[in-house]
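Okay, so here's the structure we're looking at.
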Amino acid sequence: MAIFIIFPIIFLAYILQVSVFPLFAIGNVFPNLILVLGFFLLLLKNFKNIFLIAFVGGIFLDLISPFFGPGILSLLILFFLLHKLSFNIATLSDALKQFSASGLLMLLILVFFISLVYNFLHLGFSKLLYSDFNINWYYYLYFTFFQGIYNIFIFLILFYGKKILCKKRFS
């Protein structure tokens with residue numbers, strides 16, 4: 001997938017995240033499509049241009065956020081950590097291509113974990129960059145948990161969408 005295709009995909013994800021997903025919010029929580037899409041592209045592309053995807057996705061996430069900077073830093077650090085675990089991600093990427101049940105379960109657990117880490121990094125950078133150390137832990141944990149669940153559903157839609165497209169292409 002060329003770079004000039006990735007930007008419109010991330011922009012479309014941003015438009016959906018800003019305009020459509022808030023309609024499905026429960027308790028002011030909705031999925032982070034840019035994070036899930038970035039991870040999905042990471043699995044498909046095997047780390048080619050992943051830092052560019054993280055940077056552009058972070059810019060779009062910061063456009064939604066009241067602060068500018070934490071989204072970019074959080075995605076870059078998160079995808080850097082995933083890059084360091086690339087030998088395990090390659091195995092999961094193979095599971096994505098083969099559509100195995102055990103691989104899918106590992107991917108769903110990883111999506112939830114990535115959501116937790118991203119929200120933790122975003123909170124930390126927001127508080128450090130803007131010197132606001134007042135944290136409502138109950139809301140933060142509630143938001144993080146349910147956003148992780150939402151992100152799993154979005155990942156499942158992308159996963160099975162890819163599976164259906166692959167079946168139609170090779171049939």
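Some points to look at:
- Selection within region 19-33 - at pLDDT 85 or above, surrounded by 11 or more Cβ atoms within 10 Å (Cβ to Cβ) and part of a helix (DSSP H, G or I): Leu33
- Of the residues making up region 101-151, those that are small (Gly, Ala, Ser) and farther than 25 Å from Phe21 by Cβ are Ala101, Ser102, Gly103, Ser131.
- Any chance Ser65 is of a type in the set (Gly, Ala, Ser), out of contact with any strand residue (DSSP E or B) (no Cβ under 7 Å at 6 or more places or on another chain) and closer than 23 Å to Leu110 by Cα: no
- Flag for Phe39 being at pLDDT below 85 and either open to solvent by 40 Å² or more (accessible area, probe 1.4 Å) or not in a helix (DSSP H, G or I) (or both): no
- One residue alone among Ser131, Ser126 is at pLDDT below 90, among the small types (Gly, Ala, Ser) and open to solvent by less than 50 Å² (accessible area, probe 1.4 Å), and that residue is Ser126.
- Checking each residue of region 78-94 against the condition of being in contact with a His (Cβ under 7 Å, 6 or more places away or on another chain), at pLDDT 75 or above and either open to solvent by 80 Å² or more (accessible area, probe 1.4 Å) or within 21 Å of Phe146 (Cβ to Cβ) (or both) gives no match.
- Test result for Ile9, open to solvent by 20 Å² or more (accessible area, probe 1.4 Å), under 18 Å from Gly161 (Cα atoms) and aliphatic (A, V, I, L, M): yes
- For region 42-50, the count of residues that are without any contact (Cβ under 8 Å) to a residue 40 or more places away in the chain and within 18 Å of Val117 (Cα to Cα) is at least one.
The values are calculated or read from the model by the stated rules, or taken from the named source; none is laboratory data. Keep in mind the model is a prediction, meaning the values are calculated, not measured. Glycine gets a Cβ as well: all are built from the backbone with ideal geometry, and neighbour counts include every protein chain shown. We work out accessible area using only protein heavy atoms, side chains counted, and drop any ligands, DNA or RNA first. Shrake-Rupley method; radii C 1.70, N 1.55, O 1.52, S 1.80 Å.
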